[in-house]
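Written below as structure tokens is the structure these notes are about.
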Amino acid sequence: QKEVEQDPGPLSVPEGAIVSLNCTYSNSAFQYFMWYRQYSRKGPELLMYTYSSGNKEDGRFTAQVDKSSKYISLFIRDSQPSDSATYLCARWDSNYQLIWGAGTKLIIKP
Amino acid sequence: DGGITQSPKYLFRKEGQNVTLSCEQNLNHDAMYWYRQDPGQGLRLIYYSQIVNDFQKGDIAEGYSVSREKKESFPLTVTSAQKNPTAFYLCASTKGRGQAGELFFGEGSRLTVL
């Protein structure tokens, strides 16, 4: 079983919709989570990080951690075509190695 | 501007040839990483280095080699022993040894074996 599970998609939604991207994790020992965005043929860039339960907001983006169910989510409000990308979740483990999800490809249709 | 520079962006290799991918950073970061990315598989760690002249194997090190002679440079050699080298290769760095934090990535190098 992979430590971080993520549906690879693709997920296709109309412009303006609220997008929900999700990951589950299996190891609770060290809980520092990150969401990266990767455009096609580019390197990933950090969107948000969080290490506590609850919500963290940054503009149209909200990261949510539910430690009881081992679920992390990224919400995108008022989605734009420029949000079309692959979104990767990751978790630092207790050995300071990053465990990556497979990435979800998101398509925002104009 | 500080960042990570990978070169070349695109590379074609004949079977049986070794190729070296360059990674240079001017962020003064201690730790550097090489990842391989295949469609639908996320990022898989090849090698990482937390200090000059030291590096460790990641999950898929077979057929690859690295060196870390300078803090700012971490080249990756894809050897002829790597059975399926066609992939997108990403170099990354982070500030501290033994710390969780933001990983900064280069733009990637796409290797195709002909």
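Answer yes or no as to whether A:LYS42 is within 14 Å of chain B (Cβ to nearest Cβ), under 29 Å from B:CYS23 (Cβ atoms) and part of a loop (DSSP other than H, G, I, E, B). Spell out how you get there, then give the answer.
On the way: within 14 Å of chain B (Cβ to nearest Cβ): yes; under 29 Å from B:CYS23 (Cβ atoms): yes; part of a loop (DSSP other than H, G, I, E, B): yes.
Spelling it out, A:LYS42 is indeed within 14 Å of chain B (Cβ to nearest Cβ), under 29 Å from B:CYS23 (Cβ atoms) and part of a loop (DSSP other than H, G, I, E, B).
Rundown of residues vs (1) assigned to a strand (DSSP E or B); (2) within 12 Å of another protein chain (Cβ to nearest Cβ); (3) among the polar types (S, T, N, Q); (4) in contact with a strand residue (DSSP E or B) (Cβ under 8 Å, 6 or more places away or on another chain), yes/no style:
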residue: A:GLY9; (1), (2), (3), (4): no, yes, no, yes
residue: A:ASN22; (1), (2), (3), (4): yes, no, yes, yes
residue: A:SER28; (1), (2), (3), (4): no, no, yes, no
residue: A:SER68; (1), (2), (3), (4): no, no, yes, no
residue: A:SER73; (1), (2), (3), (4): yes, no, yes, yes
residue: A:THR86; (1), (2), (3), (4): yes, yes, yes, yes
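In the range A:80-110, how many are crowded, with 21+ Cβ neighbours inside 10 Å and within 12 Å of A:SER12 (Cβ to Cβ)? Residues flagged as crowded, with 21+ Cβ neighbours inside 10 Å and within 12 Å of A:SER12 (Cβ to Cβ) within the range A:80-110 amount to 2. When you look at B:LYS83, is it surrounded by 14 or more Cβ atoms within 10 Å (Cβ to Cβ), out of contact with any strand residue (DSSP E or B) (no Cβ under 8 Å at 6 or more places or on another chain) and away from chain A (no Cβ under 13 Å), yes or no? Here the answer is no, as B:LYS83 does not meet what is asked. Listed by first and then second residue, the pairs linking a residue in the range B:2-24 that is more than 13 Å from chain A (Cβ to nearest Cβ) to a residue that is surrounded by fewer than 12 Cβ atoms within 10 Å (Cβ to Cβ) and outside any loop (DSSP other than H, G, I, E, B), with Cβ atoms under 6 Å apart and 6 or more places separating them unless they lie on different chains, are B:PHE12/B:THR112.
Among the listed residues B:ILE60, B:ILE51, which satisfies the condition of being farther than 22 Å from B:HIS29 by Cα, among the aliphatic types (A, V, I, L, M) and in contact (Cβ under 8 Å) with a residue 24 or more places away in the chain?
Residue meeting the stated conditions: B:ILE60.
Show me the strands (runs of 3 or more DSSP E) found entirely inside the range B:19-114 where at least 2 residues are within 30 Å of A:LEU106 (Cα to Cα). Qualifying strands (runs of 3 or more DSSP E): B:19-25, B:31-37, B:43-51, B:87-94, B:109-113.
Take A:TRP35 and tell me if it is surrounded by 17 or more Cβ atoms within 10 Å (Cβ to Cβ) and facing another protein chain (nearest Cβ under 9 Å). Even if it seems obvious, please write down each step before you answer.
Working: surrounded by 17 or more Cβ atoms within 10 Å (Cβ to Cβ): yes; facing another protein chain (nearest Cβ under 9 Å): no.
Answer is no for this residue.
From the list B:GLY101, B:GLY96, B:GLY40, which residue is loosely packed, with under 13 Cβ neighbours inside 10 Å, over 10 Å from the mean Cα position of the chain (by Cα) and without any contact (Cβ under 8 Å) to a residue 60 or more places away in the chain? Answer to the selection: B:GLY40.
Is one or more of the residues making up the range B:57-78 within 11 Å of chain A (Cβ to nearest Cβ), modelled with pLDDT under 95 and loosely packed, with under 15 Cβ neighbours inside 10 Å? Steps first, answer last, please.
Within the range B:57-78, the first condition is being within 11 Å of chain A (Cβ to nearest Cβ), and the residues that meet it are B:58-59.
Those left that are additionally modelled with pLDDT under 95: B:58-59.
Next, from what is left, pick out any that are loosely packed, with under 15 Cβ neighbours inside 10 Å: B:59.
Checked the range B:57-78: at least one residue is within 11 Å of chain A (Cβ to nearest Cβ), modelled with pLDDT under 95 and loosely packed, with under 15 Cβ neighbours inside 10 Å.
The values are calculated or read from the model by the stated rules, or taken from the named source; none is laboratory data. From a predicted model like this one, the values you see are computed outputs, not experimental measurements. Here the Cβ is made from the backbone with ideal geometry for all residues, glycine too, and neighbour counts use every protein chain on show.
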